[in-house]
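First the structure, in the form of structure tokens, and then the observations on it.
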Amino acid sequence: MKKISPFWIVVVAVIIAGLVFTSTVKNEYYFNAAYVVLQALLMAVAWNVLGGFTGYVNFGSAGFFAVGAYTAIALDKAFGLPLPLLILASGTVCGLIGLALGYLTLRLKGVYFAIATLAMAIVFETLVVNWAYVGGAKGAYILTPDSHLWFDSYIQMLFMVMLLLALAAIAVSRYLNSSRLGRGLAAIRDDEVAAECAGVPTLRLKLISATVMGVMMGVAGAPYPFFVTFVDPVSAFNLFIAVNSIAMPMIGGTAHWIGPVIGALLVGSLQEIITVTVSSELNILFVGLMLVGFITLAPQGIVGLVRKFRGRKP
Amino acid sequence: MSTPVLEVRALVKRFGGFVALNGVDLHVGAGERLGLIGPNGSGKTTMINCISGALYNDEGSIIFEGRDITRMAPHQRTRLGVARSFQIPKPFRSMTVLENLRVPLEYAAWNRAEHRHITDEAMAVLESIGLKHCAQQNSAGLTQVDMRKLELARALAAKPRLLVSDEAMAGLSNAEVDEILEILLALNKRGVAVIMIEHIMRAVMRFSQRVVVLDAGEKIAEGTPDEIVRNPDVERAYLGE
Ligand SMILES: Nc1ncnc2c1ncn2[C@@H]1O[C@H](COP(=O)(O)OP(=O)(O)OP(=O)(O)O)[C@@H](O)[C@H]1O
Ligand SMILES: [Mg+2]
């Protein structure tokens, strides 16, 4: 295939749109809001690699996110590394945790696996609470670096960083979903024994899937300290992060790579609107209701609904 | 007897204190058609689970084409050439029938594929088994008959040297049983050894060159179909004392 797929055209268009956005819009609120939505999108895409494609539900997304954030805090404090290196480091650390989680799938399936992920997040939270170097339970203030490349402000640069990370994650997820590897993951999700007997190396694929998820979540957490400038365990290990990471793919549709993207853009934007117009407390209620609604009425999410109306696969 | 494709020696499988297989020997010659029969709960499926690696046996060894595969992961066994169908169909429910076959073609047979036109190969298998008309259909919505055919088709797509069919014909009509028999015979003609587990005696007797009978986890008889029919132990196992 020599033709450039429409996907890459859209990716380039989005990057250009992002650059135009940063050079024309001055109001910082919009970059804040967009950053929050993109961060949630990245987490949703990450969750879906293991939860949607492979069928292993992770309740501990906030743990991965927070470990990513705290890795960045620690390395920033110790060595003052630049952001790209912090992102790389957080991705590596969380990738290794994901790999360890992958080995758990050998023994734990279904709800037991999900509970183990929750326990893992709690263990990490306990560790961080007792780690004085990064502020312990009191939290840590992070100084935003002075340099922000050619952007007008640091938040504009962070927005652009998150946009690129999210696009990269979507590209990886799309590749996983539509390749031979993706078919192997889907086979595992549908029936692990049958997958093995069809020649699928299930353990290796689950390890890959869990590692990719971990890397993406770690990467999502790394810029967070510079975005909020104050991080404590309560905000970094927030249940809301874990809930969003599950709800957005479920609402968008977990079987297709576009599902979490649609879900995150829709739910994330609505959450921003609710935060501004009503209150941020209503958000979690709103997500909860939407999730219940979709699980009962459209378990295949928005992608499933579209497929149903079109009467075929997109 | 030619060199065996499969040789199972003194296989023991326990579930807790319950002994499901108690020192069973089994061999299958190259290109042979073996019938494996026995009353319900006699250990046939357990035997297949051990051969395919879905379960690991507690004692004994399994040799496939001269290689000890006793501790090998199931996917590696499939890649070597052991394929099975499941008694209770296990389709990949989120996939179409065609995609179901892509999985073994892309994984089990990947290195042995002469060319990599996966879709063509999958269609050829579906054609041979009479499922071509529902290639694009979602596998979860298949009828019972087609679901069983898909089980066989998926096993065939792994391009096995040994196929184990676990009650592929249960619940099928006479005509459909004959259809499946033809498929298995045609496969066998191409040199693939087949172990057929079946309760339908007519099919077993017609298909098998040799029959092995299990009862309560032990091999109680072995011989040509004619010998088995006349064996008093077999009759006792099936009809009770
Ligand atoms: N995973 C398992 N755990 C515990 N017991 C099992 C398990 N699998 C099989 N058994 C028991 O082992 C015995 C043999 O079962 P198996 O399924 O091998 O019989 P079968 O010969 O295939 O019977 P059928 O003709 O009904 O398919 C049965 O008593 C069954 O209850
Ligand atoms: Mg059985």
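None of the figures in this text is laboratory data; all of them are computed from the coordinates on show. Small disclaimer: the values here were computed from a predicted structure and weren't measured. No Cβ is skipped: glycine too gets one built from the backbone with ideal geometry, and neighbour counts run over all protein chains shown.
Taking only Cα atoms and a 10 Å spring cutoff, compute GNM fluctuations for chain A and point out the largest among A:N130, A:N177, A:N244.
Per the Cα network of chain A with a 10 Å cutoff, A:N130 tops the list.
What nm value, rounded to one decimal, do you get for the distance between A:V111 and A:V123 when each label is placed 7 Å out toward the C-beta?
Result: 2.2 nm between the two label points.
Compute a Gaussian network model of chain A, connecting alpha carbons closer than 10 Å, and tell me which residue from A:S209, A:S90, A:S153 fluctuates the most.
A:S153
Work out from phi, with θ = phi - 60° and the Karplus expression 6.51 cos²θ - 1.76 cosθ + 1.60, the ³J(HN,Hα) of each residue of the range A:199-214, listed in order in whole Hz, and give x for Gly and Pro.
Values per residue, Gly and Pro as x: x, 7, x, 4, 4, 4, 5, 5, 5, 4, 4, 5, 5, 4, 4, x Hz.
Would you kindly derive the ³J(HN,Hα) couplings of the range B:211-225 from the backbone phi angles with the Karplus curve 6.51 cos²θ - 1.76 cosθ + 1.60 (θ = phi - 60°), listing them in order in whole Hz, with x for Gly and Pro?
Karplus-based 3J(HN,Hα) across the range B:211-225 equals 10, 10, 10, 9, 8, 6, x, 10, 7, 9, 7, 7, x, 5, x Hz.
Please compute the length gained on full extension between B:A216 and B:L239, using 0.36 nm multiplied by the number of residues separating them and subtracting their Cα-Cα distance.
Values: separation 23, 0.36 × 23 = 8.28 nm, distance 1.38 nm.
Here the answer is 6.9 nm.
As an exercise, use a Förster radius of 25 Å and the Cβ-Cβ distance of A:F21 and A:T229 to find the FRET efficiency, rounded to the nearest 0.05.
Computed FRET efficiency for A:F21 and A:T229 comes out at 0.65.
If amide H atoms are built 1.01 Å from N in the plane of the peptide, which residues on other chains or at least 5 residues away come under 5 Å of the amide H of B:R84?
Counting only residues 5 or more places away or on other chains, the set is B:V164.
Quick one: what does P(r) look like for the protein assembly as shown with 20 Å bins over all Cα pairs, in whole %?
Per 20 Å bin, starting at zero, the Cα-Cα P(r) for the protein assembly as shown comes out as 20, 43, 26, 10, 1 percent.
Near the amide H of B:V5, under 5 Å away, which other amide H atoms are found, from residues 5 or more places off or on another chain, if H is placed in the peptide plane?
B:V28, B:G29, B:A30
Test of understanding: in a Gaussian network model of chain B with alpha carbons linked when under 10 Å, which of B:Q136, B:Q76, B:Q87 would top the mean-square fluctuation ranking?
B:Q136
In this model, which of A:K206/A:K308; B:K159/B:K189; B:K159/B:K219; A:K109/B:K159; B:K44/B:K90 are farther than 25 Å apart at the alpha-carbon?
Checking Cα-Cα distances, A:K206/A:K308; B:K159/B:K219; A:K109/B:K159 exceed 25 Å.
Once amide H atoms are placed 1.01 Å from N in the peptide plane, what residues at a sequence separation of 5 or more from B:G35, or on another chain, have their amide H within under 5 Å of its amide H?
When sequence neighbours closer than 5 places are left aside, the close amide H contacts are B:M196, B:Q209, B:R210, B:V211, B:V212.
Run the quick spin-label model on B:R230 and B:E127: label points 7 Å from Cα toward the beta carbon, then report their separation in nm to one decimal.
With each label point 7 Å from Cα toward Cβ, the separation is 4.6 nm.
Pull up the DSSP beta bridges for chain B and report the antiparallel fraction as a percent, rounded to 5. Before the final figure, lay out each step's value.
On the way: 22 of 38 bridges.
DSSP beta bridges in chain B are roughly 60 percent antiparallel.
Tell me, what HN-Hα J-couplings in whole Hz come from the Karplus equation 6.51 cos²θ - 1.76 cosθ + 1.60 at θ = phi - 60° for each residue of the range B:97-105, using x for Gly and Pro?
4, 4, 4, 4, 7, 4, 4, x, 5
Distance between Cα centroids, the range A:65-109 to the range A:251-290: provide it in whole Å.
Between the Cα centres of the range A:65-109 and the range A:251-290 lies a distance of 26 Å.
Among B:E218, B:E227, A:E192, what is the fewest-to-most ranking by other Cβ atoms within 10 Å?
Least crowded to most crowded, the residues run B:E227, B:E218, A:E192.
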